[in-house]
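Structure first, commentary second.
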Amino acid sequence: MALSDMALASNEKRQQRIMLLRQGFNEERYQSISQAAAYFHYTYQTVAKWAKDGDIPLLDLHGRPVVPVTDANQAQVNLDRRLANINKLSNLFNQRKVVTVAAAAKEFKYSPQTIASWAVQGDIPLLQEDGTTVVAVNDDNLPAWLDDDYLAAIEHQ
């Protein structure tokens, strides 16, 4: 294999990784370079370079996009998929299969930030690491398994 063939193959793999990075960004799997690096098992620097080269406004360590956000490069979120994921999250919570943001992130393979965002949008009182709920528990979002003793314990934390 000639060196030029190897270079083309390497560039093709890099372009594929950038496309996968964009796809995951559009699917809300991650919003930051750190989250994407953990998802792909690559270094922060590598993912940052892909984000810049692919014009993907992932957030850096300071919460700023690595490229300017434009209409063309914003996440193209599939709202039907988001709604389906929120409904699935609600069902899993109500069945007591996932009760924490961390458990839901593991189940869905999405970042905890995305899960927390869905919990807010779906009014799902998932527990956070500090023991508080993402949204306040009320009569509308109270699952049958959540009893008064459990609620009292959450309120006193």
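The values are calculated or read from the model by the stated rules, or taken from the named source; none is laboratory data. On a predicted model such as this, the values are computed, not experimentally measured, just so you know. Please note: Cβ atoms are built from the backbone with ideal geometry, for glycine as well, and neighbour counts cover all protein chains shown. Just the protein is used for accessible areas: all its heavy atoms, side chains included, with ligands, DNA and RNA removed. Shrake-Rupley method; radii C 1.70, N 1.55, O 1.52, S 1.80 Å.
Can you work out D for the chain in µm² s⁻¹ from Stokes-Einstein, where Rh is the Kirkwood radius over C-alpha pairs, the temperature is 37 °C and the viscosity is 0.692 mPa s? The diffusion coefficient I find is 187 µm²/s. With contributions of -39500 (n - 2.57) from each DSSP H run of at least four residues, the per-residue ellipticity at 222 nm computed over the chain stands at -17000 deg cm²/dmol.
Per residue, the convex hull around the alpha carbon atoms of segment 1-76 comes to 91 Å³.
Per-atom-type breakdown for the chain gives carbon and sulfur 52% of the accessible area (1.4 Å probe, protein chains only).
Rounded to the nearest 20 Debye, what is the dipole magnitude of segment 1-111 about its Cα centre when Lys and Arg each give +1 and Asp and Glu each give -1 at the C-beta?
460
Accessible surface area normalised per residue over the chain is 62 Å², counting heavy atoms of protein chains with a 1.4 Å rolling probe. Counting only residues at least eight positions apart within a chain, or on another chain, the lysines with an alpha carbon under 20 Å from that of residue 13 are 49, 52. Label sites at residue 88 and residue 12, each approximated as a point 7 angstrom past Cα along Cα to Cβ, lie 3.2 nm apart. Stretched out straight at 0.36 nm per residue, the stretch from residue 42 to residue 78 would grow longer than its current Cα-Cα span by 10.4 nm. Distance between the 7 Å Cα→Cβ label points at residue 20 and residue 139: 5.0 nm. Taken over segment 77-153, the percentage of Cα pairs per 10 Å bin, counting from 0 up to the bin with the maximum distance, is 20, 58, 20, 2. Count charges around residue 74 for me, please; just the other residues with Cβ under 14 Å from its Cβ, Lys/Arg as +1, Asp/Glu as -1. Around residue 74, the surrounding residues sum to -3.
If I take every Cα pair under 8 Å that is 6 or more residues apart in the chain, average their sequence separation and divide by the length, what percent do I get for the relative contact order?
For the chain, the relative contact order is 16 percent.
Projected label points at residue 107 and residue 69, each 7 Å from Cα along the beta carbon direction, are separated by 2.9 nanometres.
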